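Read the figures in this text as sums done on the coordinates, not as results from a lab. Computed from a predicted model, the values in this text were never measured in an experiment. Methodologically, a virtual Cβ is constructed for each residue, glycine included, from the backbone with ideal geometry; neighbour enumeration extends over all protein chains shown.
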Amino acid sequence: MQTRCYNELAMDSEQLRALPAKPGVYLFRDEQGRVMYVGKAANLNSRVRSYFGSPSGLPAKTQRMVARICDFDFVITGSDQEALILESNLIKRYVPQYNVHLKDNKSFPYLKIDVNEDWPRVCITRRVQKDGARYFGPFASTSSVRKTLKLIKRIFPFRSCNKTLDGKSERPCLDHFIHRCLGPCAGMVEKQEYDEVIRRVILFLHGREELVLRELNAGMKEAARRLRFEKAALLRDQIRAIEQVMEGQRIAVALKGDQDIVGLAQDEEQACAAVFFVRNGKLIGRDHFTMEGVNGEAPGQVMTGFVKQYYASASYVPPLILLQHPVEEADVLSEWLRQQRAGSVRLQVPRRGARKKLVENAAENAASGLELSRAKRMSAETVSAGLQELRDRLRLPGLPLRIECYDVSDIQGTLAVGSMVVLEKGLPRRTHYRRFRIKTVVGADDCAMVQETLRRRFRRGAKGKGSWAVVPDLVVVDGGRGQLNAALAVKRELGLDSIPMVSLAKEEEKVFIPGEPEPLSMSGDSPALHVLQRARDEAHRFAVGYHQKLRRRQGVASALDDVSGIGPRRKKALLKRFGSVQAIRNASVEELSQMAGITPAVAHRILQYLGDSPA
């Protein structure tokens, strides 16, 4: 594409005059043809021409953008609302440098309930389709949506497995025995009863807890009248869990109906929008969304960008949206939201009363979210400084972009394990973590355990497969001079001359370097020391966690080994079915007897033995 810079475009009055006086969307491109900015206009002619007049009347950010414009495109639309939708879609597609845009707005997670399934599940998805399923969201992050999923799973006993259900499974999974699932896989519930659970989940996610409570209370009384006490107890527990949730929602929300409350905080680089979700007069949740490309934009422009992009993908639009700042073209936005909702929507900036206080509360939450984001950005700067300091202090050939750290854990030489953790650019790369069960070392010999761990890691690496083949820029060993010398012996043995190795001793936090008689001492506020400590602490945590897991397994094994009639296969089956010795101890004879090979007599022996044994 032939490109022309700003001055040429400004002088090309013929091209500008050719712009139609109709609604549409325009795209500004730079010298490489990349889309720098997407905008909408009720009148393309007057809007685009306004950029090419005197630059003195334009904001500083717009002046910088206009100076780089080399060409533009436009698309005519049938209405302002169509232009708004197209603008939002193009911003998502191109993520232009000069547009305010939601961070990662292409992949927000949702909760999905496919009510068309025979036995619907509640699952997380990043794709909203017109498939008849119910969607709830978007959520700002996976952690937000997982918290919600965990909450409703604690209250409602719907299935979480994804296997095909035919009702012919020999026995239900563990979730059924801990009252987290009604057991449709084993035909233990009628479809009508299961559908009622899913209907209540949907009501709960819509903020209709009172209606759910009334139904559950009526169901509990009916179950008790019919002497179905186990079902009554399950419904009672659901009622209590919902009441606890509702108690946490009663925070002086003096509002009626459904509404969203949006507060904003911004700095020169980012903005954070906090959204409170009020349903049925109760605050049922809140979330934070990061906006990028702010660069000095006015708060009203940032708020406008957020409303457009968030509600373009929201699964529900309330009839009232309370905003901290007025949006641009409020009438056009309201009409577009009305189409989204299929009902009237008001955008309001409250000036007094309870609504204003809630908006101020949302703004305070947004400020806290922005502060956290700043801390993360500062953390990234600290990591960068730490890597540079490590390169200089340790005399490395380059930045240690990949650091591998090793630690071992044991109790007097028993159940010894080694751990390997990886930091890439100072951040944990957990998919590359590895753990080792020590096989060749007898007794408590930490140096020999370090050597076995390193040998196994780098021999695997020599085969050139997967992440094992990635060569680290620095190896850190937890320990002092002895552990470093042990690592260096493996380095010579395997010909790893190109890999720098150091050790970090606990307590005094001294760094031991090969060939240096004295350890390197770093100040407590050294960014390089912080990077090494992060690696060492992560390796220690990973090693200790694996060691504790093995100890628990051994404790479980020894608790069942002495039960007559329980061999390795039955022991494994019991643990797989119930998950722990404590769960087996709490099971009934009937539940244990459902296991293949477990007779009532054996079940009695298990419970009798475990009743006298420590967990």
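I need the shape label for the stretch 402-544. Rule: rounded when a/c is under 1.5, else prolate if a/b > b/c, else oblate, with a, b, c from the alpha carbon gyration tensor.
rounded
Over the stretch 110-249, one equal point on each Cα, no solvent: what is log10 I(q)/I(0) by the Debye formula at q = 0.19, 0.22 Å⁻¹?
Scattering profile of the stretch 110-249, log10 relative to I(0): -1.24, -1.54.
Please list the non-local residues whose amide H lies under 5 Å from the amide H of Leu320, H modeled 1.01 Å from N, same-chain partners needing a gap of 5 or more.
Asp260, Arg346
Can you spot the lysines whose alpha carbon is less than 30 Å from Lys163's alpha carbon? Ignore those fewer than 8 places along the same chain.
Here the lysines satisfying the reach criterion relative to Lys163 are Lys106, Lys112, Lys130, Lys147, Lys150, Lys153, Lys191, Lys231, Lys549, Lys571, Lys572, Lys576.
Starting with the fewest neighbours, write out Ile113, Ile499 ranked by other beta-carbon atoms found within 10 Å of each beta-carbon.
Least to most surrounded, the residues fall as Ile499, Ile113.
Kindly state, as a whole number, the per residue volume in cubic angstrom of the convex hull around the alpha carbon atoms of the stretch 299-430.
Normalising the Cα hull of the stretch 299-430 by residue number yields 223 Å³.
Could you work out, for the chain, what percent of all Cα-Cα pairs fall into each 20 Å distance bin, beginning at 0 Å and stopping at the bin that holds the largest distance?
Spelled out per bin, shortest first, that is 15, 33, 38, 13, 1.
Given the -39500 (n - 2.57) contribution per DSSP H run of 4+ residues, what per-residue ellipticity at 222 nm results for the chain, rounded to the nearest 500 deg cm²/dmol?
Helix-only estimate at 222 nm: -14500 deg cm²/dmol.
Could you list Tyr406, Tyr135, Tyr433 in order of exposure, starting from the residue whose Cβ has the fewest other Cβ atoms within 10 Å?
Tyr433, Tyr135, Tyr406
What ranking, highest mean first, results for peptides 278-284, 22-28 when packing means the other Cβ atoms within 10 Å averaged over each residue?
Top of the packing list down: 22-28, 278-284.
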